[in-house]
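Written below as structure tokens is the structure these notes are about.
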Amino acid sequence: MKFAEFDQYSEDLLMAQYYVSEIITHELMKGEVREDFLITTLESCSDPKPKLVKGTISDGQDDAGQLDIILCRPHAHLRKIGTQCFVEKQDALCVIEVKGNCTGVDLKRAKSKAALIQNLQGQNSPQYGLVCYKVALELKTIMSRFGYSYDAANQTFFDNATIPNEAESDWRKIDYSELDFFVSLEENKKVFLRKYELSPGKFRFIRTVQSPLIKELFAMTRGLWIPAHQTLAP
């Protein structure tokens, strides 16, 4: 399909930029370049373009510290200082942390950062998750930490929580329940995990592996941005 070709092109270009940027030895600069390119890629998924900035989220008293990418509501009141923005918590739809090679330590830090944002004053909390070019963990480890078991006979992952009549005590623990999504673009570890409500007050992660994976990232961005944009229509 022609649409799939566009999505595959976008994903391949994103990964190509990641490898090309490896030539940059300054880690902060390398990270900034990758964040900027991901912003440009995500902006291409909708017209008008979704509002994506770098900076932090604040409730007016405290802030979340440096954040890689923030998807803002249309007409958000942004306070800019250079290339950085202070975004009111109520104006933030989603936070994306970008990792070149995500480690277990990175995931723990993301878990803490997500909790920090949720605890800022204000009822509406933005979604929070990671987009990783590579992951320094095995796929089985990633899936296990997001609540999945592995069926060695069929070489498939499954969530015990989705098995009818399965006792909740047999559900696998989720280590990063504070996160809303996790994306790995690495070959052989491609996965999009997104939180959903299995039953009232009980949340699990659904796994998507369709190719190209960036299609799901586009869909998530549009799914947050378009409804917020439409509510402003006369």
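Computed values, structure above
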quantity: Subset tally (residues that are among the β-branched types (V, I, T) and closer than 17 Å to D180 by Cβ) for region 88-113; calculated: 3
quantity: Hits in region 204-223 (condition: of a type in the set (S, T, N, Q) and either on the phi > 0 side of the Ramachandran plot or assigned to a strand (DSSP E or B) (or both)); calculated: T208
quantity: Residue pairs meeting the criteria (Cβ under 8 Å; at least 6 apart or on separate chains; first closer than 17 Å to Q66 by Cβ, in region 101-113; second at pLDDT below 95 and not aliphatic (A, V, I, L, M)); calculated: K113/G65
quantity: Scope region 58-72; condition surrounded by 22 or more Cβ atoms within 10 Å (Cβ to Cβ) and over 16 Å from the mean Cα position of the chain (by Cα); matching residues; calculated: A64
quantity: Pick from region 22-58, criterion among the small types (G, A, S), outside any loop (DSSP other than H, G, I, E, B) and touching a residue at least 40 places away in the same chain (Cβ under 8 Å), ranking: farthest from N124 (Cα to Cα); calculated: G31
quantity: From S169, S144, residue being among the polar types (S, T, N, Q), over 22 Å from A110 (Cβ atoms) and either surrounded by fewer than 14 Cβ atoms within 10 Å (Cβ to Cβ) or at pLDDT 95 or above (or both); calculated: S169
quantity: Number of the exception - G201 against (1) surrounded by 18 or more Cβ atoms within 10 Å (Cβ to Cβ); (2) out of contact with any helix residue (DSSP H, G or I) (no Cβ under 8 Å at 6 or more places or on another chain); calculated: (1)
quantity: Selection count where residues are out of contact with any Cys (no Cβ under 6 Å at 6 or more places or on another chain) and in contact (Cβ under 8 Å) with a residue 40 or more places away in the chain, scope region 114-137; calculated: 14
quantity: Sole exception among (1) in contact with a Lys or Arg (Cβ under 7 Å, 6 or more places away or on another chain); (2) under 23 Å from N101 (Cα atoms); (3) part of a helix (DSSP H, G or I); (4) not basic (K, R) for A161, by number; calculated: (2)
quantity: Residue match in region 114-125 (condition: among the β-branched types (V, I, T), outside any strand (DSSP E or B), closer than 17 Å to L224 by Cβ and within 19 Å of the chain's Cα centre (by Cα)); calculated: yes
quantity: Qualifying position, being closer than 24 Å to L38 by Cα, assigned to a strand (DSSP E or B) and in contact with a Pro (Cβ under 7 Å, 6 or more places away or on another chain), among C94, C85; calculated: C94
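The values are calculated or read from the model by the stated rules, or taken from the named source; none is laboratory data. Treat the numbers as computed from the prediction; the structure is a model and nothing was measured. For neighbour counting, all protein chains shown are included, and Cβ atoms are generated from backbone atoms with ideal geometry for every residue, glycine included.
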